[in-house]
Amino acid sequence: MFRSFAGIALFSMFLFAVPAVAHHSFAAEYDQNKPITVKGTVNRVAWVNPHAYLYIDVKDDAGKLTVWAFELLSPNALARQGWDSKSLKPGQAVTVDGYMAKDGKPLADGSQHANSRMVTTEDGKKVYIGSSLGDTTPVGRGQ
Amino acid sequence: MSRAFPIAIFVCLALAFAGALSGQAPPPTGTSMGNEKAPTGPTPRTPEGKVDFSGVWDPGSAFFNIGQVPLQPWAAELYAQRRANLGKDDPEAQCLPAGVPRISPFPQKFVQTPTLIVILDEGNVHSYRQLFLDGRGHPKNMDPLWMGDSIAKWDGDTLVVDTTGFNDKTWLTGQGVPHSEELHVIERYRRPDFGHLDVEITLEDPKAFTKPHTFKRGFILLPNWEIHEYVCNEFNVDKDHLVGK
């Protein structure tokens, strides 16, 4: 088990370490010290550049609705890992693991802004894996 | 896909990030997009007998590493400021061209004719480069360009590309290594076999560097791939949320 896990780890390091690199600095936009896990239902997938976005509807205990917008990788990087704009369907229940935006401000469309590193469906399937956290290289990784 | 797979990915992302913080170099090999292996075979040639660079090329995971550029004090100070701001003012994040020799992590397509080679970059802003092989020189009285003006010639099986005429707006890396309008880039392209494209890149900038700087970059052929669409300005909401520290 451990051997196969290590093999998968090594393989996925090559597979995912670099596609995560985005056109912008992760550290300038998101806070890796503020990881979040948000549960909701899929509102829509915006298959757009430079980053795709997953919008989910989240209801609090009082029934108040908040729309969250999670930055994903770019569509070309997601497509090469086998996902497309229909990998999640509107209304589907999901859990998103990611990071809060540094400025705490909503997007222009009013949605709560964050970065996704992975989406998990109710049956445990992982979708849209990867984050621009991969390009957090202000120090130590050469120029 | 096994259950361990996503866990392994998390471990790797964490390790990659920890590595970045601890100063470890990134893995020198591996490919950025699909864990592809370089196909084998002899160097292909055109009907004229020249090395044929045509194909879709993967810059691999070391695409961002250009080594330590020897900067003059003013440039070193500017670089330090950009790093302190966590790269928030990177022109590439505004969907502006990456310049030369900076490239995106996504593949590049080389299209070759006897007198012109065109490089199409999937990433960034779909920038393109024209490497003129018809013996022309650089234009006189050029105004500064984002991607510079490139002329090329053959040195045996090596394609030598000379590029000048840059503006000083682009960053040489995502962390902000600066240059001036006097940047001069000499690239020596080789295709030693079917699956590899090797480039030796020399940067000269008498206004920003203390001496010329040379580094190497390798690509792997992706024989069954095409470049994808990437329309950077479609929904670049990031630019309004880049706060830096």
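Multiplying the sequence separation of residue B:233 and residue B:37 by 0.36 nm and subtracting their Cα-Cα distance, what value in nm do you get?
Full extension of this stretch gives 67.3 nm more.
Which aspartates and glutamates have a Cα lying under 15 Å from the Cα of residue A:39, excluding residues fewer than 8 positions away in the same chain?
Reachable aspartates and glutamates: A:57, A:60, A:61, A:97, A:122, A:123.
Short version: ³J(HN,Hα) in whole Hz for each residue of the range B:120-129, in order, from phi by Karplus 6.51 cos²θ - 1.76 cosθ + 1.60 (θ = phi - 60°), x for Gly and Pro, what are they?
Going residue by residue, I get 9, 9, 4, x, 6, 10, 6, 5, 10, 10 Hz, with x marking Gly and Pro.
List the aspartates and glutamates whose alpha-carbon lies under 16 Å from that of residue B:207, not counting same-chain residues fewer than 8 positions away?
B:77, B:168, B:181, B:182
How high is the FRET efficiency from residue A:39 to residue B:128, r the C-beta distance, R0 56 Å, rounded to 0.05?
0.80
Total accessible area buried between chains A and B, 1.4 Å probe, in Å² to the nearest 100?
For chain A against chain B, roughly 5300 Å² becomes buried.
Hey, how many Å between the Cα centroid of the range A:56-110 and the Cα centroid of the range B:105-169?
39
With heavy atoms of protein chains only and a 1.4 Å probe, what residues of the range A:31-57 have at least 10 Å² less accessible area in the full set of chains than alone?
A:32, A:48, A:49, A:50, A:53, A:55
Per-residue counts of other Cβ atoms within 10 Å, averaged by peptide: what ranking do you get for A:111-121, B:41-51, B:161-171, A:36-46, highest first?
The peptides rank, most packed first, as A:111-121, B:161-171, A:36-46, B:41-51.
Arranged from highest to lowest average of other beta-carbon atoms within 10 Å per residue, in what order do the peptides B:197-209, B:67-79, A:70-82, B:84-96 appear?
Taking the mean over residues of other Cβ atoms within 10 Å, the ranking is A:70-82, B:84-96, B:197-209, B:67-79.
Under a point spin-label approximation (7 Å from Cα along Cα-to-Cβ), what is the residue B:140-residue B:83 distance to one decimal in nm?
Rounded to a tenth, the inter-label distance reads 4.3 nm.
Extending each Cα 7 Å along its Cβ direction at residue B:240 and residue A:85, get the distance between those two points in nm, one decimal.
With each label placed 7 Å out from Cα toward Cβ, I get 2.2 nm.
Among B:50/B:216; B:109/B:211; B:211/B:239; A:86/B:37, which pairs are too far apart, with a Cα-Cα distance over 24 Å?
The pairs that break the limit, which is 24 Å between Cα atoms, are B:109/B:211; B:211/B:239; A:86/B:37.
Quantify how strongly other chains surround peptide B:175-182 by giving the mean number of their Cβ atoms within 10 Å of each of its Cβ atoms.
Per residue, the number of nearby Cβ atoms from other chains is 2 on average.
Return the average number of partner chain Cβ atoms within 10 angstrom of each residue Cβ along peptide B:101-109.
Per residue, the average neighbour count from other chains is 3.
Provide the per residue accessible area, probe 1.4 Å, for the range B:40-143, rounded to a whole number of square angstrom.
Dividing the accessible area of the range B:40-143 by its residue count gives 44 Å².
The values are calculated or read from the model by the stated rules, or taken from the named source; none is laboratory data. Not measured: the values here are computed from a predicted model. Neighbour counts are summed over all protein chains in view; Cβ atoms, including those assigned to glycine, are modelled from backbone coordinates with ideal geometry. Side chains included, ligands, DNA and RNA excluded: accessible areas come from the protein's heavy atoms. Shrake-Rupley method; radii C 1.70, N 1.55, O 1.52, S 1.80 Å.
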